[in-house]
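The values are calculated or read from the model by the stated rules, or taken from the named source; none is laboratory data. Small disclaimer: the values here were computed from a predicted structure and weren't measured. With ideal geometry, Cβ positions are generated from the backbone for all residues, glycine too; neighbour counts draw on all protein chains shown.
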Amino acid sequence: MIYKNLNDNRNVKYFINGNNTTLYILNEETYSIKKIMRDKFTTTKLRVIQEDKKGSEELDVDLLTIISNDNNFISPVEVISSTVRPKGFFIEENEFGMKSYYLNEFVGSETFLNSREEQRYINQDTIKLLEEKTPTINILLRNLFHNEKDEMIVNFINWLNVVSFQDRNQDIMFLFMGTNSKDQGQGGGKGVFQNLLSKMFNGLVCSVSNTSYNNNFNSNILNKKIVVFDEVNFQYLRYETIKDLTGSPVIRIEYKGKEPFISKNVSSWLFFTNEWDLHNKISMDDRRMFIIRPNPKNGSLKRIINELYNGDFELFETMLYDEFDEFIHIISNVDGKVLSPLELISQGHINYFKEQKKVSVIEISNLYKSFIDKDFKERLFEILDTISQLDNSIKNSINEYKSIINLNTINYKTFKNIFQLLSNYDFLTKKIKLNMEWERLKENLSEFGFEKHTIDTKKSKTYERYKDNTVIIDKRTTNNKQLRMKVNRKYKEVFGIKIS
C-alpha cells in the first residue's frame, strides 16, 4: 500500500524528522514552515490517493497511518535551526558521494550569511559602531549593563557572535539581576531585550521557567540558539543541572511518549530575575556565570524613553527593531572569543560579593595600624582576600603583599599596589593622592619605631642585583641579622629580576 499526495502545489513540500515526532510542511514560495507534532498525527487527516493491489481511491487518512506506510511525498530529513546554513530544504554531498538531506527551519539565515560574507565593519571599533550605527540598541545595552566597562559589552557582543555564527553551545552565561530589595531593576529593559532577540533569532529563542528547566520532556530547547530563563528563583535553583545542560556539546532530548535521543547542543543561556540574593548557588570564583546588574532604579528605561523619545514607546521599539540588521553586521565584526568571568570580572560580580562579604571600606591613612594593631591587619587582609577571590589572577601577588606586611615592613611598591587595589575595587572612602599618603604612612610609622632602610643585594645565579631605598622596617628587625636577611630575601623574590 502506498499513499500519494493530491496537492499539486510544487511549492509545498512535506518532511519528517529522524525520530518521526514532527511533520514539517514547507512553503518554498513564502518560506513559511508549519509543524505538526506527533500527538496530533492520529487526529489530523490529509486527502490522499491510496494505492494497493486492488486499485486506488481518494480518501482522508490520518498522518500517523501515512507516515507509517509507504508514501511518495514525505521525505525524511535532519532538521536543523541554523543561522549559517541555507534556509529551507537543501542537500549536501560529502567526499564519498554520500548525500545528507536537511531542513533548516530558521528562515532568516540569509541575513546572517550575508553579513558574514560582506564583513561591512571588519576591524572597526565595536563600541563606536554601537553608538553610531545602532544608537537605540546601544541605549538599551547601556541600561542593562549599568556601570559595566566597555570590555564587558564587547564580551557580550562576542557571546552573541557565537550564538549567531557558530552552531555550538556555550557554557558561559549572563545573569541580569536586581541590586537589593528596593532597587530591583524592574523596567530596566530586560523584557524589551528579550523581544529584540526573539525578533532577530525568529523561532530560535525559547523560554524555560523554574518548573520546566528540569523537566524530562525538554523538546522545546531542541535546536534553539538562545534559552531564556526568566524570573529565576535562586533559592530552589539546581545550578548543577544548569551546568550539565549548558556544558555538553550534545543534549538528551525527550518527547512525551517517545524514546529519548541525543542531539547536538547549540544553545546559549540568558538568566533574568528581579531577585537580589543568589542563595549561595553561584560562588565568588564561578567560571561560567556573569553577574550583571541593570540600572537599579525601577522604571529606568521608561524615564529614558520619556526624555529621548517624548514618552513614545512604540517609536522607541520601532527604532530598536529597525536597527537589528545593522546589529547583526556589528556582531559579525567581532571574533567570537568570549572571556570567562574569571578572565573578565563584572562590576555586578564585584559589588554583589563585596556586599555578601560585608567587608567595609578602609581609610588608607590608617594603613600604618596594620603594623601595630592585629585587628586592623586582619581587616585589611580580609579585604585583600576578598579582592583576590574576585580576581583570581592577582591572588599570588596579594599573598606576597601580605607576607611582606607580616614581616613588619613595607616599601613604596607594595604600598602603591595595595593602594591601587583598594581604589580599583572601591574600598577607599574618597579620592586621595598616592604620594601624599605614602609620606603620611612613613611619618606615622616613625612614631612606632619604624625607620627607613635600604636593601642592596648582590647579583646571584638566580637574581640580578636588587636595590631598594624605599623600604620602611621595624628597628627590631634591623637589629636582628636573621630577620633582616629574611626581609631582604623576600623583597628580592617579590620585586627582583630573575636571570633567564
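Assorted remarks:
- You will find that of ASP286, ASP312, the residue that is loosely packed, with under 14 Cβ neighbours inside 10 Å and either within 30 Å of LEU344 (Cβ to Cβ) or acidic (Asp, Glu) (or both) is ASP312 and no other.
- From TYR368, TYR425, residue being hydroxyl-bearing (Ser, Thr, Tyr) and modelled with pLDDT under 85: TYR425
To keep it simple, each residue is scored yes or no on (1) exposed (fewer than 13 other Cβ atoms within 10 Å of the Cβ); (2) of a type in the set (A, V, I, L, M, F, W, C).
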residue	(1), (2)
GLU355	yes, no
ASP375	yes, no
ILE398	no, yes
LYS402	no, no
ASN444	no, no
LYS467	yes, no
THR470	no, no
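- In the range 462-500, the residue that is nearest to TYR401 (Cα to Cα) out of those that are in a loop (DSSP other than H, G, I, E, B) and hydroxyl-bearing (Ser, Thr, Tyr) is THR462.
- Filter pass, ARG484 being free of Cβ contacts under 8 Å to residues at least 24 places away in the same chain, surrounded by 14 or more Cβ atoms within 10 Å (Cβ to Cβ), out of contact with any Asp or Glu (no Cβ under 7 Å at 6 or more places or on another chain) and more than 16 Å from PHE415 (Cβ to Cβ): yes
- Restricting the range 18-31 to residues that are more than 14 Å from PHE90 (Cα to Cα) and part of a loop (DSSP other than H, G, I, E, B), the residue that is modelled with the lowest pLDDT is ASN19.
- Lone unmet requirement of (1) over 28 Å from ASN351 (Cα atoms); (2) modelled with pLDDT of 95 or more; (3) surrounded by fewer than 20 Cβ atoms within 10 Å (Cβ to Cβ); (4) in contact with an Asp or Glu (Cβ under 8 Å, 6 or more places away or on another chain) for THR134: (3)
- Restricting the range 89-122 to residues that are among the small types (Gly, Ala, Ser) and under 30 Å from the mean Cα position of the chain (by Cα), the residue that is surrounded by the most Cβ atoms within 10 Å (Cβ to Cβ) is SER115.
- Check on SER267, touching a residue at least 24 places away in the same chain (Cβ under 8 Å) and farther than 26 Å from ILE137 by Cβ: no
- LEU59 surrounded by fewer than 13 Cβ atoms within 10 Å (Cβ to Cβ), outside the structural domain of LYS225 (by TED's automatic domain parsing) and more than 35 Å from the chain's Cα centre (by Cα): yes
- Of the strands (runs of 3 or more DSSP E) entirely within the range 190-263, those holding at least 3 residues that are surrounded by 14 or more Cβ atoms within 10 Å (Cβ to Cβ) and under 18 Å from the mean Cα position of the chain (by Cα) occupy 205-208, 226-230.
- Looking across the range 322-348, the residues that are surrounded by fewer than 16 Cβ atoms within 10 Å (Cβ to Cβ) and either more than 30 Å from MET289 (Cα to Cα) or not hydrophobic (A, V, I, L, M, F, W, C) (or both) come down to ASP322, ASP325, ASP335, LYS337, SER340, GLU343.
- Selection from the range 210-233 of residues that are within 19 Å of VAL163 (Cβ to Cβ), touching a residue at least 40 places away in the same chain (Cβ under 8 Å) and not aliphatic (A, V, I, L, M): ASN223, LYS224, LYS225, PHE229, ASP230
- Where helices (runs of 4 or more DSSP H) fall entirely within the range 276-387, those with at least 2 residues that are closer than 27 Å to PHE112 by Cβ and either in contact with a Leu (Cβ under 9 Å, 6 or more places away or on another chain) or of a type in the set (Val, Ile, Thr) (or both) are at 313-322, 324-333.
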